[in-house]
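Student: Can you read through this structure? Questions will come right after.
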Amino acid sequence: MMKCGGTSDCKPADAEIQSIINEVKGAVEDKVGRKLDTYTPVSYKTQVVAGTNYFVKVNIGDEHIHLRIFAPLPHTNQPKELSDLQRGKTAEDELAYF
């Protein structure tokens with residue numbers, strides 16, 4: 001059960017999460033400084049705020065990265081944005097709030 005303001009349990013990534021990370025791929029590539037041929041979501045957590053924060057573990061080939069993506073409330077008509085990124089992660093690293 002999710003605590004108010006906390007993150008959800010970790011879930012396996014699905015097609016919806018792939019679509020969400022695809023929306024911020026350009027910003028991710030800018031942050032890591034290269035084009036990413038491998039860009040596969042592994043797992044994710046969510047946090048409901050004034051919109052939704054998605055915390056996503058992504059396999060980029062030679063490492064895993066953790067993304068925090070903010071999705072504004074639908075009525076705002078604003079795009080999703082990359083809020084933060086952590087590098088140097090492994091497949092075993094826990095996905096946590098950052």
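Student: Of these, Lys25, Lys57, Lys31, Lys11, which one is free of Cβ contacts under 8 Å to residues at least 24 places away in the same chain and either of a type in the set (A, V, I, L, M, F, W, C) or within 25 Å of Gly88 (Cβ to Cβ) (or both)?
Tutor: Lys25
Student: Mind checking whether some residue in the range 58-68 is surrounded by fewer than 14 Cβ atoms within 10 Å (Cβ to Cβ) and either in a strand (DSSP E or B) or at pLDDT 95 or above (or both)?
Tutor: no
Student: Sticking with this structure for a sec: Those residues that are in contact with a strand residue (DSSP E or B) (Cβ under 6 Å, 6 or more places away or on another chain) and surrounded by fewer than 18 Cβ atoms within 10 Å (Cβ to Cβ), I need them from the range 72-84; list them, please.
Tutor: Result: Pro72, Leu73, Gln78, Glu81, Ser83, Asp84.
The values are calculated or read from the model by the stated rules, or taken from the named source; none is laboratory data. Since this is a predicted model, take the numbers as computed values, not measurements. Note that each Cβ is placed from the backbone with ideal geometry, even for glycine, and that neighbours are counted across all protein chains shown.
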